[in-house]
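Asks: Provided herewith is a single structure, encoded as structure tokens, for subsequent inquiry.
The values are calculated or read from the model by the stated rules, or taken from the named source; none is laboratory data. Source: prediction; values computed, not measured. Positions of Cβ are backbone-derived with ideal geometry, glycine not excepted, and every protein chain shown enters the neighbour counts. Side chains are part of the model used for accessible areas, which takes the heavy atoms of the whole protein and leaves out ligands, DNA and RNA. Shrake-Rupley method; radii C 1.70, N 1.55, O 1.52, S 1.80 Å.
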Amino acid sequence: MAFSRINLLAIGLALVVIMLGAFVRLSDAGLGCPDWPGCYGQLVVPNAPHEIAAANQAFPDNAVDAGKAWKEMVHRYFASTLGLLILIMALLSLRRTALSRAPRLLPWGLVVVVVLQGLLGMWTVTLLLKPLVVTAHLLGGMTTLALLAWCFMRHHRVARHWHVAAPGGLRALAGLALFCLAVQVFLGAWTSTNYAAVACPDFPTCQGFWWPPTNFGKAFTLWHGLPINYEHGILDSVARARFTGRIVWARSWSRWS
Amino acid sequence: MVALVMTALFVVLWRHGGTDERWRYMSLMLLGAVVLQVTLGISVVVFGVPLPVAVAHNGGAALLILVLILVNHASWSAQQV
């Protein structure tokens, strides 16, 4: 049962990593370290005066901000540990005999997903918080969690003996609900990574409108090109208002329809 | 759309709780998670994106995903009536 225990631990850790990631992002620490995987070239945030001086010299446009850098690095440490746990799970899955029903595809699929997540984490920094990358990174984190949960349920003995009946329509409905949730999470991430969360200060109307003026094309331009620093958003406040108008409309519609 | 689907799912799970109470537990988990997330979401907007609420909203999303994975796994591995 070591596999299931590590699986459960990984689920807990994934939740922590997700929340840490949100914390890094929402406290504007996403560019706390201008490089990856080190921080100003080091494994640990520079804190001795000579380290900080060397770091500032190597990265003249990004002066060391220890607070931000630490948040970023703690997130990376926890995420790396999660990656390690997933690798251990995958290796464990190889050792099982034909008699046990340990999944193999899932653990190795998870390895691929978590490696991709690491890369997305890198691109978050190197592509300067490009909304599409940060959104993908959030979705990747959720996907990792979802796969870990699915793996646990497939493997754990309690879930395996689920001898109950279910109406046919339930499967489709459950699948649809998960899909809708995925779309909703994407919309939420897109709002946040484009710094549009405050564009509608009121609720449920948006700046007084039930349906504010929207600009779908601009709001959903996925790729603005490189290199642009996206910190604090590149759209002006009017565009952002329309932007969120669109998002909030979509979500209000989903809530009140 | 999301609300509609979630409500439908809740109703079906609740009613199916007649045959096996585990479905009913799942419907309650779903309800709890959705209510929590909606409350957090509204709070984020109304209170101007306070940091802890926004982080919690992210966590709430993760929780919702866990619940839906649970419901899906149960639905798909159950025997079809």
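Asks: Does A:R171 qualify as being out of contact with any Pro (no Cβ under 6 Å at 6 or more places or on another chain), more than 23 Å from B:W23 (Cβ to Cβ), at pLDDT 75 or above and of a type in the set (D, E, K, R)?
Replies: no
Asks: Write out, first by first residue and then by second, each pair whose Cβ atoms fall under 6 Å of each other, whose residues are 6+ apart or on separate chains, and whose first residue, in region A:10-38, is free of Cβ contacts under 8 Å to residues at least 60 places away in the same chain and more than 14 Å from chain B (Cβ to nearest Cβ) while the second is among the small types (G, A, S) and open to solvent by 30 Å² or more (accessible area, probe 1.4 Å).
Replies: No pair meets every condition.
Asks: Just to confirm my filter: which helices (runs of 4 or more DSSP H) fall fully inside chain B and include at least 3 residues that are of a type outside the set (V, I, T), touching a Ser or Thr at 6+ places or on another chain (Cβ under 7 Å) and open to solvent by 20 Å² or more (accessible area, probe 1.4 Å)?
Replies: Passing ranges, in order: B:2-16.
Asks: Which number in (1) of a type in the set (G, A, S); (2) within 19 Å of A:V17 (Cα to Cα); (3) facing another protein chain (nearest Cβ under 7 Å) marks the one condition that B:G60 misses?
Replies: Of everything listed in (1) of a type in the set (G, A, S); (2) within 19 Å of A:V17 (Cα to Cα); (3) facing another protein chain (nearest Cβ under 7 Å), B:G60 misses just condition (3).
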